[in-house]
Amino acid sequence: MLEELKLLCGVQGSQDDPLLQLLLDMAQRMVLDYCNLETLPDGLSGAVLRIASGMYAGRFHQGLTALSEGDISITYAQQEFGGIPADLRGQLNGYRTIKWQPS
């Protein structure tokens, strides 16, 4: 999956491999936690790649949606559920399982 992420992010060489692998691991954990799963089904690898590539692209301006200069105006996006974009949650919901916690 690392090579696919590098292709999506336009990264060549191996200098960013540790960072990209960390982002993949974080994205996979987010998906597994959201779906209450222990292992990642093949159908969710694209979702993991999309989340990881979004984290890589936004690492310098995370959540920033607008920036002005005159009289300074900075706007940040609303936080999405667990960092997962709303349109991706629909895909993930198909894999989501109920977590039973006996009282």
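Every number in this text was worked out from the coordinates using simple rules, so none of it is lab data. Keep in mind it's a predicted model, so treat the numbers as computed, not measured. Backbone-built Cβ (ideal geometry, glycine too); neighbour counts: all protein chains shown.
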* Asked: Restricting attention to region 23-45, which residues are outside any loop (DSSP other than H, G, I, E, B) and surrounded by 14 or more Cβ atoms within 10 Å (Cβ to Cβ)?
  -> Leu23, Leu24, Met26, Ala27, Gln28, Met30, Val31, Leu32, Tyr34, Cys35, Leu44, Ser45
* Structure fact -> In region 1-18, residues that are free of Cβ contacts under 8 Å to residues at least 40 places away in the same chain and in a helix (DSSP H, G or I) total 6
